Amino acid sequence: MSIAAEPASYDPKAVESQAQSFWEARRAFEVDEQSDKPKFYCLSMLPYPSGALHMGHVRNYTIGDVISRYKRMTGHNVLQPMGWDAFGLPAENAAIKNRTAPAKWTYANIEHMRSQLKSLGYAIDWSREFATCRPEYYVHEQRMFTRLLRKGLAYRKNSVVNWDPVDQTVLANEQVIDGRGWRSGALVEKREIPQWFLRITDYAQELLDGLDDLPGWPDAVKTMQRNWIGRSEGLEIQFAVEGHEPLTVFTTRPDTLMGVTFVSIAGEHPLALKAAASNPALATFLEELKHGGVSEAELETQEKRGMDTGLRAIHPITGDKVPVWVANFVLMGYGTGAVMAVPGHDQRDFEFASKYALPIQQVIALKAPKHDDEKTYDATTWRDWYGDKTRDDLELVNSGEFDGLDYRGAFEALAERFERKGQGQRRVNYRLRDWGVSRQRYWGCPIPVIYCNACGAVPVPDSDLPVVLPENVTLDGVKSPIKADPEWRKTKCPQCGAAAERETDTFDTFMESSWYYARYTSPGAKDMVDKRGNYWLPVDQYIGGIEHAILHLMYFRFYHKLLRDARMVDSDEPATNLLTQGMVIAETFYRDNADGSKDWINPVDVEIQRDDKARVVGATLKADGQPVKIGPVEKMSKSKNNGVDPQSMVDKFGADTVRLFSMFAAPPEQSLEWNEAGVEGMARFLRRLWTQVQKHVADGAAQALDVAALTADQKAVRRKTHETIDKVGNDYGKRHSFNTAIAAVMELSNLLGKFDDASPQGRAVRQEALEAAVLLLNPITPHASHALWQALGHEETLIEDVAFPQVDTEALVRDSVTLAVQVNGKLRGTIEVSADAARDQVEALAKAEPNTAKFLEGLAIRKVIVVPGKIVNIVAG
């Protein structure tokens, strides 16, 4: 779209349509591995095809696109792909609601969202697109799983899980909120069911150590992963139990062993079940414990409940009998399902002991109390001391032969004793649990396992893969169609040929998103990844929300190590750099309903009044002109009805304006507050730049720039041009500070608006400045830049192939500089001097500056300090 075709005004719809058609016809962003340029793999987390893009998508993918386009301009072979994380429960819920099949709903959403992404002009290699729900994608996942099963890295066992009785599926701990399912809101139950697991714990130490080799990842993400892996060193100690097998506990604080007054076990512990067999009250209590989730957060906040099993454990040092209690805060899936309770030095144990009148024993004290109040010990103080085992002012008390030892001394003494007697051993434990990958839903990748009465669980042979999920189904909201269909389940055992049944669980959708990044590198490969993977991997820049720090990003790293160990890739980590973008937030408005609830009103339906600082001071509903209440600024969400439809903004302002605002309103890592007034401001800036180019071009072609012939004003504009190039290059390439890059181009545009010089060299300076502005904005506003570059006389040189502008260091040299003049440290004036002025000349001009001279009257000058290029400070008295 050349300006000559639309001389009157900037028409974003026409400009963007022309540019997008041009890119598609040229297949401008398709790449291969044959380039002699250095590779750069830029990847944003793939979207779930929910039906429409939201502003979070727009921000995420615009950040990636700016980085990708900048890297292309700096001479890189850039891969930026896109696909669809297409399996998952929302499709099932939508299918039930809309009376359609999940596949039909999903594919229709993909078509719509793809068109939306294309309307935003992203430089995506669409030839590599895939949907994770297609058999040609998940067949590789199934094949990898059968390999892991044969290697022992995948296994099946009974596990206590969070069960959502409405969605009829297992929930991860993070999907249980206040004891309810995150989607259905139903009270979660504990159930013990057979589940498939991957042994991520085999990689726990490597996952932990690898964080030290990721300097390009945010510290916050690495800290969250370290805490989630949760490496701890301690002792595994055996407590004999009268009439039963010994009870094993793990503790990081063996120094408090003499403070054990009872032992807590999980409701699913074998000892609890045995005790309940002859204790109806205990059996009833264990049944009650099955309700509620199994997340650590819930266990920490729920009321502490327990019951004495009647069993007695033998203290391994004193030989004393201590009661064994079932406690609702102990889980079978964590550690050994048993905890030695030290109520004198642990908050949770203290609350439990206080409630059930169990003994509380102090075993840690200050070595040398200095005040009387330090000699009067209370349980609150004791628990505080327990929290920091590195303190050197604490010692054991009431601990017999161990009295006087500190934490480390007691640890070593007890470890040596128990190892010698065969009653315990040193052990490193991890908070990280193996990854449960089974889900009881339909819309997911079928787990490739066959159950045979004779042979057990048998992996599906590679030759029979994929196990295809039927797509033409009807959901009733109660049972998975493949669980309800006996014909789909029927098969033959691949080992003995007898009648057998297929596994009807499907994979957790985190499975698909854990290796998708690798598949982009090897489209059409017969296995997950081929040799092309080592060309592109690791990802050079990964982009997504920090809410994925633990689940997705942990599995993402784990799966890469599985690929490495399968000799599919050579690298240890999947991504070198990670950028976690902030949320998109917006104002909220509402009216109160008669029942006390709130009727949330979308901001586009509200007329907003603002003060001179752009703060909302009043709001009325456009439909009736009546006031609405102003709520807090919150993350865009359906619940608060404060989401803004990106397509409506593109239709109203154009994609480039939406992209520009998304990058200008806040740095990538910070929250972006949506403000339509700000969008309008970006639209005005683009129109102004368009008009500046239009007027310049209308005056004819500019002559060649003759640097030696420039006036002082012309040099100043040229210097600003190259200062802007330098700043924007650093902002894009080193700091990802896109908002300051845009601000710098705006400053250049403002300067050009004041530059009234129609001479040949003045026009040459303006041509260079406008070309620079267009090129510098190209990563953010590619459609307008595409058209403006052609308008500036480059019809044969396409901006997509133009290098990022280079700084002319000579242009940055100043003929003169402005110096601040101080008298005794206080600013009194400024002077303009030649950049190479001699010191005595600078001093003379400073003393002669009129306002400075006034403040020097009657004073003797003692010293003159000259900081070249900055200040002159005259010390006088």
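Filter the stretch 516-532 down to residues that are of a type outside the set (D, E, K, R) and assigned to a helix (DSSP H, G or I) and give me whichever is farthest from Leu553 (Cα to Cα). Going through the qualifying residues, I end up with Ala518.
If you go through the stretch 449-481 and pick out every residue that is more than 34 Å from the chain's Cα centre (by Cα) and among the aliphatic types (A, V, I, L, M), you end up with 6. Residues in the stretch 163-188 that are more than 18 Å from Ser480 (Cβ to Cβ), outside any loop (DSSP other than H, G, I, E, B) and in contact (Cβ under 8 Å) with a residue 40 or more places away in the chain: Asn173, Glu174, Val176, Leu187. For the stretch 61-82, the set of residues classified as of a type in the set (S, T, N, Q), in contact with a strand residue (DSSP E or B) (Cβ under 8 Å, 6 or more places away or on another chain) and surrounded by fewer than 22 Cβ atoms within 10 Å (Cβ to Cβ) consists of Asn77 only. Which residues, counting only those in the stretch 717-731, are of a type outside the set (Lys, Arg) and touching a Lys or Arg at 6+ places or on another chain (Cβ under 9 Å)? Scanning the stretch 717-731 gives a single hit, Val717.
Residue-level check: of (1) surrounded by fewer than 17 Cβ atoms within 10 Å (Cβ to Cβ); (2) outside any helix (DSSP H, G or I), Gln841 misses just (2). With respect to Thr818, is the statement that it is hydroxyl-bearing (Ser, Thr, Tyr) and free of Cβ contacts under 8 Å to residues at least 12 places away in the same chain true? So Thr818 fails the test.
Annotation: of all residues in the stretch 15-53 being of a type in the set (S, T, N, Q) and in contact (Cβ under 8 Å) with a residue 40 or more places away in the chain, the one that is surrounded by the most Cβ atoms within 10 Å (Cβ to Cβ) is Ser44. Quick check on the stretch 786-806: of everything there that is touching a residue at least 40 places away in the same chain (Cβ under 8 Å) and under 14 Å from Asp656 (Cβ atoms), which residue is surrounded by the fewest Cβ atoms within 10 Å (Cβ to Cβ)? Among those residues, the one meeting the criterion is His786. Across the stretch 562-608, the number of residues qualifying as in a loop (DSSP other than H, G, I, E, B), farther than 22 Å from Ser648 by Cα and among the hydroxyl-bearing types (Ser, Thr, Tyr) comes to 3.
Of all residues in the stretch 700-714, those that are over 49 Å from the mean Cα position of the chain (by Cα) and more than 16 Å from Glu771 (Cα to Cα) total 6.
Quick check on Leu207: is it outside the structural domain of Met340 (by TED's automatic domain parsing) and assigned to a helix (DSSP H, G or I)? Lay out the reasoning, then the answer.
Details: outside the structural domain of Met340 (by TED's automatic domain parsing): yes; assigned to a helix (DSSP H, G or I): yes.
Considered against the rule, which asks whether it is outside the structural domain of Met340 (by TED's automatic domain parsing) and assigned to a helix (DSSP H, G or I), Leu207 comes out as yes.
If you go through the stretch 710-742 and keep only what is surrounded by fewer than 18 Cβ atoms within 10 Å (Cβ to Cβ) and touching a strand residue (DSSP E or B) at 6+ places or on another chain (Cβ under 9 Å), you end up with just Ala712. Residues that are in the same structural domain as Gly243 (by TED's automatic domain parsing), at pLDDT 95 or above and among the hydroxyl-bearing types (Ser, Thr, Tyr) within the stretch 280-338 comprise Thr309, Thr318, listed in sequence order. Only one of the listed residues (Ser50, Ser35) is on the phi < 0 side of the Ramachandran plot, in a loop (DSSP other than H, G, I, E, B) and at pLDDT below 95. That residue is Ser50. Every listed requirement among (1) crowded, with 20+ Cβ neighbours inside 10 Å; (2) farther than 30 Å from Leu120 by Cα is met by Glu810 save one, (1).
The values are calculated or read from the model by the stated rules, or taken from the named source; none is laboratory data. None of the values given here were measured: they were computed from a predicted structure. Neighbour counts are summed over all protein chains in view; Cβ atoms, including those assigned to glycine, are modelled from backbone coordinates with ideal geometry.
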